[in-house]
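Everything on this sheet refers to the single structure shown next.
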Amino acid sequence: MPQAKMKFAIDDGSTNVKISWIENGLVRSITSPNSFRKEWKSAALLSDKKVFNYQVGSTKYTYDATSDKALSTTHVAFQYDDLNLLSVHHALLQTGIQPCPVSILVTLPITEYYNADDCQKNEENIARKKANLMREISLNKGELFQIVDVQVLPESLPAVLTTLMDSGVNPYTKSLVIDCGGTTLDMGVIVGEFDDVSAVYGNADIGVSMVTDATRKALAAADSDASYLVANELIKRRQDRDFVGDVINDLSKVDWVLGKIDEKIAELGSAVAYEAKTFARNPNRVYLVGGGASLIEPAIRDAYPSLGDKIVLVPEPQEALSREICCYHAADPQTADAV
Ligand SMILES: Nc1ncnc2c1ncn2[C@@H]1O[C@H](COP(=O)(O)OP(=O)(O)OP(=O)(O)O)[C@@H](O)[C@H]1O
Ligand SMILES: [Mg+2]
């Protein structure tokens, strides 16, 4: 087996893969959306457009950012299937680094990583995820990275490592971390500066995809069928009237579609706030991470009115986890160790 030349920290979420690595002493991060469909694409009309046609076993897949036939990845089984393997390899290719043997750190949702009953590592799930990522895959007319080593870490909690270290917490401070991703809501309570993780919680029914699904339905009703990717972009840029006008064909329904999106964002916020209050009634601090962090921020501020600026939206919340894992574990391929 060849020796890994580089190490990548990969938060392979169900909707987006966030990948971080060290280049010239600096941490670099990119986000690679998951949007694959079956069968291959024909060669691009424009020569500068790259086509990514993959094969796993006998099944052919292609990366297709705008297809409304994109395969759904917003379910927990995604962590162990073909699409996860594709999404990790595809993200590696987006780094612009020449394919080489690599060692990777990937993540599993808290509820998959730990057994629900005793908070111990679920070794079976961890082994399953590793085995899945070591499988054979090929890229038509191209070279792929060779994954020679896989380490699995829990999602969410490591995202606030440096934020917590720099924030002068005392050993009794209870920090609630809320990770609102595409498909899952993960939460954990950290005591002090990571002295202890006192509780973890995961809910695979609450995530930004609630808003994405509603957006796609509303778009379809406005004669504008759209992929997950386009729907998500619309949620992000809902205040940008030009973009909104480009996506929604039936202009008479623009306000109606935007209203549906706002309604669903509020619903997501209150669902997260309710679960958070039930899970941790009186934390000392709250940290918001994950792509949905900014969507739920107002609801969380309402839910914990006395915390004020102790509620922190972590900078670049979507990439926070891969960035932090990278800083702590990927700097040196020889010495890095799993949490
Ligand atoms: N600034 C933003 N405003 C609104 N939504 C955003 C923003 N940034 C990202 N998102 C949305 O967040 C979601 C992805 O978040 P994230 O990358 O944390 O999820 P994930 O890790 O793929 O999912 P999970 O953790 O549930 O497996 C997508 O639906 C994306 O469109
Ligand atoms: Mg995630």
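Place the peptides 198-204, 133-139 in order of packing, highest mean first, counting for every residue the other Cβ atoms within 10 Å and averaging per peptide.
The most tightly packed comes first, giving 198-204, 133-139.
Give the calculated FRET efficiency between ASP262 and LYS310 to the nearest 0.05, with a Förster radius of 30 Å applied to their Cβ-Cβ distance.
Values: r = 27 Å, r/R0 = 0.90.
Efficiency at R0 = 30 Å is approximately 0.65.
What percent of all Cα-Cα pairs in the stretch 179-295 falls into each 5 Å bin, going from 0 up to the bin containing the maximum distance?
2, 11, 21, 19, 14, 11, 8, 6, 4, 2, 1, 0
Below 8 Å between Cα atoms, with a sequence gap of 6+, how large is the relative contact order for the chain in percent?
Working: 673 pairs, mean separation 68.8, N = 339.
After rounding, I find 20 percent.
Looking only at the chain, where both bridge partners belong to it, what percent of the DSSP beta bridges are antiparallel (to the nearest 5)? Provide the component values of the computation, followed by the final result.
Details: 36 of 56 bridges.
Antiparallel bridges: around 65 percent, rounded to the nearest 5.
In the stretch 9-110, what % of DSSP beta bridges are antiparallel (nearest 5)?
95 percent
Neighbour counts of other C-beta atoms within 10 Å: give me THR66, THR184 arranged from fewest to most. Walk me through the intermediate numbers first.
On the way: THR66 11, THR184 27.
Going from sparsest to densest Cβ surroundings: THR66, THR184.
Regarding the stretch 229-331, what's the average projected area of the Cα-atom convex hull, expressed in nm²? Provide the component values of the computation, followed by the final result.
Details: hull surface 34.0 nm².
Projected over every direction and averaged, the Cα hull of the stretch 229-331 covers 8.5 nm².
Have a look at ILE325, ILE147, ILE104 and tell me which one the Gaussian network model of the chain (Cα, springs below 10 Å) gives the largest fluctuation.
Looking only at ILE325, ILE147, ILE104, the largest GNM fluctuation is found for ILE147.
In the stretch 1-115, how does Rg compare with the Kirkwood Rh, expressed as the Rg/Rh ratio over alpha carbon atoms?
0.98
How large is the helix-only mean residue ellipticity at 222 nm for the chain, computed as the sum of -39500 (n - 2.57) over DSSP H runs with n ≥ 4, divided by its residue count, in deg cm²/dmol to the nearest 500?
Taken over the chain, the calculation gives -9000 deg cm²/dmol.
First obtain the Kirkwood hydrodynamic radius of the chain from its Cα pairs, then insert it into the Stokes-Einstein equation at 37 °C and 0.692 mPa s, and state the resulting D in µm² per second as a whole number.
158 µm²/s
Spelling out what I want: for every residue of the stretch 57-65, take phi, set θ = phi - 60°, compute 6.51 cos²θ - 1.76 cosθ + 1.60 (Karplus), and round to whole Hz; glycine and proline get x.
My calculation for the stretch 57-65 gives x, 9, 9, 9, 10, 9, 7, 9, 4 Hz in order.
So, counting K/R as plus one and D/E as minus one, what does the shell of residues with Cβ under 14 Å around GLY57 add up to?
Net charge around GLY57: 0.
In the stretch 203-248, if every C-alpha pair distance is counted and binned at 5 Å from zero, what percent goes to each bin?
5, 23, 32, 23, 9, 4, 2, 0
Alpha carbon centre of the stretch 1-59 versus the stretch 259-336: separation in Å?
26 Å
Taken together, the values in this text are just the output of simple stated rules run on the coordinates, not laboratory data. This is a predicted model, so every value here is computed, not measured. Using ideal geometry, Cβ is built from the backbone for each residue, glycine included, and neighbour counts are taken over all protein chains shown.
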